[in-house]
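Below is one structure; the comments refer to it alone.
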Amino acid sequence: MDGNGNSPRPPPRRPEREGSYNNYDIESMDGGSGAAPPPWRQHNNGSSEALLRYDDGGADRGSEARQPLLRKRTMNTTSQIAIVGANVCPIESLDYEVVENDLFKQDWRSRKKKQIFQYIVLKWSLVLLIGLLTGVVGFFNNLAVENIAGFKLLLTSDLMLKGRYIGAFFVYGGWNLVLAAAAAAICAYIAPAAAGSGIPEVKAYLNGVDAYSILAPSTLFVKIFGSILGVSAGFVLGKEGPMVHTGACIANLLGQGGSRKYHLTCNWLRYFKNDRDRRDLITCGSAAGVAAAFRAPVGGVLFALEEAASWWRSALLWRTFFTTAVVAVVLRGLIEFCRSGKCGLFGKGGLIMFDLSSTVATYSTPDLIAIIVLGIIGGIFGGLFNFLLDKILRVYSIINERGAPFKILLTITISIITSMCSYGLPWLAACTPCPVDAVEQCPTVGRSGNYKNFQCPPGHYNDLASLFFNTNDDAIRNLFSNGTSTEFQMSSLFIFFTAIYCLGLVTYGVAVPSGLFIPVILAGATYGRIVGTLLGSISDLDPGLFALLGAASFLGGTMRMTVSVCVILLELTNDLPMLPLLMLVLLISKTIADNFNKGVYDQIVVMKGLPFMEAHAEPYMRHLVAGDVVSGPLITFSGVEKVGNIVHALRLTGHNGFPVVDEPPITEAPELVGLVTRSHLLVLLNSKNFMKERFKTSGSFVLRRFGAFDFAKPGSGKGLKIEDLDFTDEEMDMYVDLHPITNTSPYTVVETMSLAKAAILFRELGLRHLLVVPKTPDRPPIVGILTRHDFMPEHIHSLFPNLNPHKYHSASMAG
């Protein structure tokens with residue numbers, strides 16, 4: 001280390017950049033880390049150059065090799081927009097940090113035990129409501145899909161029994177076309193953010209990335225009805241992914257803290273007007289969505305823990321468990337009601353969707369060899385699926401950018417292709433005589449069953465139609481069925497696997513709510529049956545069990561989830577003896593697939609441009625320090641600041657955080673007071689209680705006039721904006737004391753801290769701003785601010801184009 005604390009081996013040299021000192025039209029997402037220096041924020045010599053040295057401290061580094069890196073700061077120009085659903089919209093960071101200003105401290109000192117009790121009771125009441133509503137919505141989705149799709153299939157089957165095959169196709173394809181067009185229309189025109197599964201968006205939100213439309217009420221509406229229409233239209237997609245998004249939307253709606261606009265604000269609900277409590281509720285909502293979709297309460301908790309949430313604690317575990325338990329109780333009660341036949345074509349199913357408990361699973365060494373083969377196949381197919389899906393989604397994004405009509409046209413095109421495959425491919429299969437010992441009626445009369453008649457004569461069935469000409473849930477049930485080793489011909493399974501694999505790829509990405517779980521389970525179960533049939537001579541396992549293991553292997557290969565998928569499949573099938581085999585096949589498939597690419601949801605997060613903070617820092621970050629990536633120059637406010645300066649800063653930048661620095665004569669030397677947020681400044685300016693002279697007050701006026709909840713974050717509404725405020729020339733020349741609303745204990749790191757450590761700290765604490773302070777005392781008190789985008793690889797690469805991440809990764813692995 002040298003005298004200034006610098007490493008003797010400097011990081012890769014960042015090239016000189018041409019900085020613009022009056023480019024006010026470029027806005028940064030989180031503030032503080034990339035603004036042009038305003039003319040009003042000048043030091044004693046009145047020069048912008050002095051401000052530049054003040055903010056980045058580059059002139060005092062003492063290391064000649066580092067000076068070019070920090071001499072001129074440019075703005076962080078990484079994207080402030082991302083794709084949410086099928087819509088491009090602006091994004092911003094969430095702030096899970098407690099703002100410890102004078103108002104907060106006064107509120108906690110004055111809070112009574114009764115208010116604390118109200119908060120605890122209300123939080124448990126809200127998670128109860130989340131469970132109730134998500135369970136009801138999940139049941140409603142199933143009920144609507146089974147009846148709409150069932151009526152369509154019955155109508156088509158009746159026409160086929162009369163020999164009107166062409167008319168049956170037009171009825172079948174026409175129904176699918178109308179349903180698909182309706183789903184695409186409401187999605188494209190009402191809530192484009194509802195397209196897709198929504199799991200990447202929920203993951204990003206729980207990681208700290210927000211966009212207004214992610215969890216809006218309109219998104220919830222379209223997610224529910226668009227999912228019903230899309231699944232009923234016969235698309236190779238599921239309603240399970242959208243249910244996760246639906247549960248999160250319900251939780252967000254309940255956690256808004258009421259609505260001032262519609263006079264629905266309750267004093268009790270004000271406790272939840274912050275990002276921390278909303279994060280907990282939305283985590284519970286995502287777990288409830290999985291529980292409602294798969295009827296798997298424990299699997300829902302594990303899904304939230306393993307895949308969705310970026311932050312976890314024991315109290316949250318209890319709440320998610322309680323929420324999913326409520327979902328299970330609601331579903332059981334409603335399904336019991338349907339056993340009386342009052343739910344139309346819903347059927348008489350229970351919480352166990354695909355019961356395999358009657359199968360005796362005894363396995364030996366040859367069976368383990370077959371399972372290892374399944375795991376390897378699942379890893380290869382999963383990696384290939386993710387690779388192809390990434391390419392297809394990039395093509396679809398170009399089409400979707402053209403507008404809503406093109407989104408609808410793309411959806412209609414995929415609907416026509418799907419209808420042609422579902423109706424046309426079964427004609428390639430030969431009719432098979434009904435088995436003498438068939439447990440079910442053969443051929444099937446009605447909408448569902450293992451033995452679809454299709455075009456076959458009496459006493460025969462079409463095995464390919466039993467898979468295609470059904471709802472996706474019924475097709476999975478047929479593949480999982482035990483004691484049916486000769487039901488499906490090998491050629492039919494190959495055709496079905498190829499079609500489902502390809503249709504699953506081209507369907508995901510159209511402008512309808514769509515999940516990936518069902519296509520992946522269908523394709524995996526199909527090749528699982530193929531492997532089980534081919535290896536039947538060396539394995540004693542039932543083909544239905546091979547189908548279950550194949551589905552698990554493909555899920556592990558695409559989504560890279562292990563624990564949650566394992567438990568979900570066990571709860572789906574009620575087949576606990578299969579636990580060791582499921583664990584083995586999931587671990588193998590995930591290990592194989594990880595050598596090719598990331599999980600499908602992680603890939604989509606990156607493709608959408610969502611600035612997701614990983615749980616681990618990249619190896620090359622160890623070779624950089626926090627001071628290397630902070631952008632600037634930085635806008636700071638004095639503890640007692642001129643109103644005009646604040647207004648100009650808010651109007652000309654999009655920053656959401658500003659350091660507050662006390663300067664002489666208030667203090668003997670410049671001193672960092674803390675951080676003040678844009679929303680708090682707007683509330684304070686809106687009160688228009690200013691001072692004519694610049695002096696530090698006791699803050700008693702602010703403490704008397706305002707409460708902590710006056711500065712609480714608004715709901716899904718837009719909140720107060722600087723454009724809504726007007727000031728006279730006299731007011732612009734007045735002063736306002738920022739001390740009472742300044743967070744006096746923000747998280748700070750020294751400029752020489754490893755960027756890897758700073759990234760871990762930023763992510764684990766759920767921060768929006770991380771202040772960087774100088775290492776030496778003879779410097780101005782603030783170097784810069786780290787925000788989420790400063791940790792993004794694109795930003796770091798733009799600063800250090802010669803940085804070779806692969807080289808550092810290899811060196812790290814070698815060490």
### Query
Any idea which residue in the stretch 284-308 is surrounded by the fewest Cβ atoms within 10 Å (Cβ to Cβ), counting only those that are of a type in the set (D, E, K, R) and either within 19 Å of Glu201 (Cβ to Cβ) or touching a strand residue (DSSP E or B) at 6+ places or on another chain (Cβ under 8 Å) (or both)?
Glu306
### Message
Looking only at the stretch 735-767, how many residues end up being of a type in the set (Lys, Arg) and crowded, with 19+ Cβ neighbours inside 10 Å?
### Response
1
### Task
Residue by residue through the stretch 657-694, note down the ones that are of a type in the set (Gly, Ala, Ser) and within 21 Å of Asp726 (Cβ to Cβ).
Ser679, Ser687
### Task
Tally the residues that are within 27 Å of Pro405 (Cα to Cα), of a type in the set (S, T, N, Q) and not in a loop (DSSP other than H, G, I, E, B), restricting the search to the stretch 482-525.
1
## Note on the structure
Only one of (1) modelled with pLDDT of 80 or more; (2) out of contact with any Leu (no Cβ under 9 Å at 6 or more places or on another chain); (3) surrounded by 22 or more Cβ atoms within 10 Å (Cβ to Cβ) does not apply to Arg477, and that is (3)
### Message
Just to be sure I understand, how many residues within the stretch 241-271 are among the hydrophobic types (A, V, I, L, M, F, W, C) and either modelled with pLDDT of 75 or more or within 15 Å of the chain's Cα centre (by Cα) (or both)?
### Response
8
### Message
Among the residues that make up the stretch 134-148, is at least one of them closer than 30 Å to Gly403 by Cβ, of a type outside the set (Val, Ile, Thr) and either in contact with a Ser or Thr (Cβ under 7 Å, 6 or more places away or on another chain) or assigned to a helix (DSSP H, G or I) (or both)?
### Response
yes
### Query
Taking the stretch 537-568 on its own, how many of its residues are free of Cβ contacts under 8 Å to residues at least 24 places away in the same chain and polar (S, T, N, Q)?
1
### Summary
Those residues of the stretch 208-220 which are open to solvent by less than 10 Å² (accessible area, probe 1.4 Å) and under 22 Å from Thr787 (Cα atoms) amount to Gly208, Val209, Ala211, Ile214
### Task
For the stretch 182-192, state whether one or more residues are outside any helix (DSSP H, G or I) and surrounded by 18 or more Cβ atoms within 10 Å (Cβ to Cβ).
yes
### Task
Check whether at least one residue in the stretch 321-334 is farther than 16 Å from Val137 by Cα, open to solvent by 40 Å² or more (accessible area, probe 1.4 Å) and modelled with pLDDT under 95, and report yes or no.
no
### Query
Does any residue of the stretch 602-618 turn out to be among the β-branched types (Val, Ile, Thr) and touching a Lys or Arg at 6+ places or on another chain (Cβ under 8 Å)?
yes
### Summary
Among (1) at pLDDT below 90; (2) in a loop (DSSP other than H, G, I, E, B), Ser745 falls short only on (1)
### Query
Within the stretch 148-162, how many residues are open to solvent by 40 Å² or more (accessible area, probe 1.4 Å) and not acidic (Asp, Glu)?
6
### Task
Out of Leu770, Leu682, Leu720, report the one residue that is closer than 24 Å to Asn252 by Cβ and modelled with pLDDT of 85 or more.
Leu682
### Query
within 29 Å of the chain's Cα centre (by Cα) and in the same structural domain as Cys421 (by the TED database): does that describe Asn472?
yes
### Residue count for the stretch 572-596, restricted to those that are under 22 Å from the mean Cα position of the chain (by Cα) and surrounded by fewer than 18 Cβ atoms within 10 Å (Cβ to Cβ)
1
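One line per residue, one yes/no per condition, for (1) closer than 23 Å to Ile91 by Cα; (2) open to solvent by 10 Å² or more (accessible area, probe 1.4 Å):
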residue	(1), (2)
Ser631	yes, no
Ser638	no, no
Lys642	no, yes
Asn645	no, yes
His655	yes, no
Val660	no, no
Ile666	no, yes
Ala669	no, yes
Thr677	yes, yes
### Query
Can you find a residue in the stretch 542-554 that is farther than 18 Å from Ala370 by Cβ and either surrounded by 22 or more Cβ atoms within 10 Å (Cβ to Cβ) or touching a helix residue (DSSP H, G or I) at 6+ places or on another chain (Cβ under 8 Å) (or both)?
no
### Query
Going by the structure shown, is Gly131 assigned to a helix (DSSP H, G or I), in contact with a Phe, Trp or Tyr (Cβ under 8 Å, 6 or more places away or on another chain), small (Gly, Ala, Ser) and at pLDDT 85 or above?
yes
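The values are calculated or read from the model by the stated rules, or taken from the named source; none is laboratory data. In this text, all values refer to a predicted model and were calculated from it rather than measured experimentally. Note that we place each Cβ from the backbone using ideal geometry, even for glycine, and neighbour counts take in every protein chain shown. What goes into the accessible areas is simple: the full protein's heavy atoms, side chains included, and nothing from ligands, DNA or RNA. Shrake-Rupley method; radii C 1.70, N 1.55, O 1.52, S 1.80 Å.
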